[in-house]
Amino acid sequence: MQDYLSASPIKSKELCSLTMVRRVAAMLDLETQSFAEGDILPKGWHFFMLAGETRKSELRKDGFPGLGVQIPDLGLPRLLLGGRTVAYHGEIVIGSVIEKSSFIKSITEKTTKNGQMAIVTLQHELRSVEVDTPAIVETQTYILLEEQKGKNNVIAEPTENQLPISSNQKQYVPDETLIFQYSALGFNSHKIHLDRNYAQQVEGLPDLVVNGGLSTVLLTEFIRVDLGLKLTDIKVRHIAPLYCNNPLTVTAEQSKNAWQLKIYDDKNNIAVEMEATIKE
């Protein structure tokens with residue numbers, strides 16, 4: 001355990017390439033030619049620079065490569081994204097070279113009534129090679145669970161609720177193409193996003209799962225495009241899975257010093273919560 005925590009950060013040079021930025025724009029159905037080298041990278045679009053380099057032969061059985069650093073093998077084959085925090089301390093310029101530093105921040109193992117589990121938190125820092133202070137610091141918290149077999153592995157059908165009324169809301173329907181494109185841009189080969197047979201037969205899920213990172217991008221884009229606001233920090237908590245081809249609804253309400261955003265699934269249950277701090 002201590003070996004994982006004491007290991008040196010994995011460092012690499014990443015290019016914030018115009019090609020990748022325009023592909024993110026294409027995924028979001030935006031005009032690709034409106035982005036050029038020297039422009040500021042939109043908040044939330046840095047995800048493609050967090051991709052790892054895990055060899056195919058070293059992937060987990062579920063296909064997850066880890067983002068920037070591999071998740072250690074703790075004998076727990078099921079993996080879920082629990083949440084993330086992102087602090088935007090500076091800007092990233094399209095076309096610039098970025099230094100990435102990734103490491104395991106903490107590992108907590110627990111025994112619950114449902115068996116063994118572990119919570120693994122990774123931290124990533126992205127900085128310009130000319131600057132010592134990170135432009136972006138992101139933590140990602142993953143939940144590792146034991147394998148479950150039989151009917152206990154089937155996700156229960158959620159109850160249907162009334163969608164709360166919000167003055168700021170928007171509906172999306174993430175399909176196979178969107179999930180594939182996001183997964184490809186982030187080099188994420190987790191089978192629950194790409195292999196419908198694996199998702200249903202092995203994980204007991206009703207369909208392909210929408211990437212947690214993709215749901216975060218939809219939220220940050222809603223803030224950037226629909227609300228016209230500039231982010232400084234976000235804190236995201238994943239409560240329930242979102243599934244391919246099922247409509248989801250984003251809502252946003254302003255509180256004292258932040259915005260509270262939620263994603264509701266097709267049954268109007270809360271699936272994702274985000275607290276976003278906005279630049280004044």
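The numbers here are math on the coordinates, done by the rules we state, and not lab data. Predicted model only: the values in this text are computed from it and were never measured. Quick reminder, even Gly has a Cβ in these numbers, built from the backbone with ideal geometry, and neighbours come from all protein chains shown.
See the values below:
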read-out: Over 22 Å between alpha carbons, listed pairs 11/230; 170/230; 191/267; 11/279; 235/256; value: 11/230; 191/267; 11/279
read-out: Max mean-square fluctuation residue, GNM over the chain, Cα-Cα springs under 10 Å, options 81, 227, 126; value: 227
read-out: Local net charge near residue 272, Cβ-Cβ under 15 Å (Lys/Arg +1, Asp/Glu -1); value: 0
read-out: Relative contact order of segment 2-278, defined on C-alpha pairs under 8 angstrom at six or more residues apart (%); value: 19 percent
read-out: Rounded D (µm²/s) - the chain, Kirkwood Rh over Cα pairs, Stokes-Einstein at 10 °C, 1.306 mPa s; value: 81 µm²/s
